[in-house]
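S.K.: One structure, pasted below without further comment.
The values are calculated or read from the model by the stated rules, or taken from the named source; none is laboratory data. For clarity, every value in this text was computed on a predicted model and none was experimentally measured. Note that each Cβ is placed from the backbone with ideal geometry, even for glycine, and that neighbours are counted across all protein chains shown. Only protein heavy atoms, including side chains, enter the accessible area calculation; ligands, DNA and RNA are left aside. Shrake-Rupley method; radii C 1.70, N 1.55, O 1.52, S 1.80 Å.
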Amino acid sequence: MNYIVLDLEWNQGESGPVAPDNDIPFEIIEIGAVKLNSDRVMIDEFSELIKPQVYKTMHYVTGKLIHLKMQELSFERPFDEVVKNFLDWCGEDYVFCTWGPLDLFELQRNMAHYNIEAFSDRPLAFYDVQKLFALEYDEDKKRRALESAVDFLEIDKDIPFHRAFSDAYYTAKVFSRIHRSETLRHYSYDLFTPPIDKEHEIYSFFGDYDKYISRLFPSKDALLADKDIKRNVCYLCNKASKRVVHPFSPSGKFYLSVSLCETHGYVKSKIRIKKTDDDKYFCVRTRKIVTEDVVEDIKKRYNKLKELKKPVNPAKGPKTSKRKKKDDIIV
């Protein structure tokens, strides 16, 4: 098996990331990649510019970053030709590696614009090298910029940054320095193609946490009411656990809850709800064993939100705090 270390450069409209037909907010204008063998030794490379078809003006930030002008791209091949050549170059047996989680999603969105089939009929497993570096080298597990990681590892900077091939090249260099097998267990999933049914759902165990990517639901309410989503069990022993903190949304972006397993202790569950372009819903749920200190912090957040939702007492006057939406706490 080979590793395809990929990086992209893309352009967008001058007024922001909104396309004329609203299905390609970021148009890819360069593909760069490095092919590594199973020992993570570099064996081939790919680099090609792309003639724009959607955005005819270079966004000033993009142009400043990659030092390219539209005139330089006008004689290149269009995306559909370049990406087919790229996919042929990738071969048959490979895993994608990227710096951060965005490139594969945008690549497949551009492919869909040109009616090119996505890589998989379900979420695609890949290596997010930025995340792997944080797990391997940073105690606080913060995501670094690529050049910061290169400096940390004292990798020679022999070509400039901020072009597709050069960033793929440096990402490959960093990836080759990830040595621990427990780090390499932590692959990520691109969510461009969510699971369409139970057969395509994703269940993954990473040692210190698990991940579940649900099938599609017609509405957010239907998703939250589903028995598989609500099921309250320990991910380590699959036994029923006692709910300690009911699901609530501290920010509207995700839902938190805590349960107590008699064998393994406190289990924190985090659910992020995703909406597709055709107005369907799925979720990504992660569960992890946590300490009592973490549980106490979650309880404080839950109680604070619950206090904000108390009805106003006319005798005391209205509260000054901002009220939360009614679905921020699920009972």
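S.K.: Once the principal axes of the Cα atoms of the range 75-206 are found, what is the range along each, listed largest first in whole angstroms?
M.R.: 46, 42, 23
S.K.: Counting only heavy atoms of protein chains, what accessible area per residue, in Å², does the chain have with a probe of 1.4 Å?
M.R.: Each residue of the chain exposes 55 Å² on average to a 1.4 Å probe.
S.K.: Using a 10 Å Cβ count of at most 15 others and DSSP loop calls, identify the longest part of the chain lacking such GluC sites (Glu not before Pro).
M.R.: 155-261
S.K.: If you build the Cα gyration tensor of the range 154-255 and take the root of 5 times each eigenvalue, what three semi-axes come out, in whole angstrom, biggest first? Write out the running numbers ahead of the final one.
M.R.: Values: eigenvalues 273, 70, 41 Å².
They are 37, 19, 14 Å, listed largest first.
S.K.: Right, something else. Taking a spot 7 Å from the Cα of residue 143 along the direction of its beta carbon, which residues of the range 155-175 have an amide N less than 11 Å from it?
M.R.: none
S.K.: Moving on to the next point. Fully extended, how many nm does the chain gain between residue 305 and residue 203 (0.36 nm per residue separation, minus their Cα-Cα distance)?
M.R.: Contour length minus the Cα-Cα distance gives 33.6 nm.
S.K.: Among [x] 31, 54, 14, 0; [y] 22, 39, 28, 11, 1; [z] 26, 52, 21, 1, find the value of P(r) over Cα pairs in 20 Å bins from 0, in percent that was calculated from the structure presented, and write down its label.
M.R.: Computing P(r) over Cα pairs in 20 Å bins from 0, in percent and matching it to [x] 31, 54, 14, 0; [y] 22, 39, 28, 11, 1; [z] 26, 52, 21, 1 gives [z].
S.K.: Let me ask another. Can you give the Kirkwood hydrodynamic radius of the range 22-120 from its Cα pairs, in Å with one decimal? Mind dumping the intermediate values first?
M.R.: Numbers: mean 1/r = 0.0678 Å⁻¹.
One decimal place: 14.7 Å for the Kirkwood radius.
S.K.: Take the alpha carbon atoms of the range 204-268, find their center, do the same for the range 102-141, and report the distance between the two centers in whole angstrom.
M.R.: Answer, in whole Å: 24.
S.K.: Considering only protein heavy atoms and a 1.4 Å probe, what is the carbon-and-sulfur percentage of the accessible area of the chain? List each step's numbers first, then the result.
M.R.: Numbers: 8970 of 18120 Å².
Solvent-exposed carbon and sulfur of the chain make up 49 percent of the total.
S.K.: So if I take the alpha carbon set of the range 108-164, get Rg, then get Rh from the Kirkwood formula, what is the Rg over Rh ratio?
M.R.: Using only Cα positions, Rg/Rh for the range 108-164 is 1.12.
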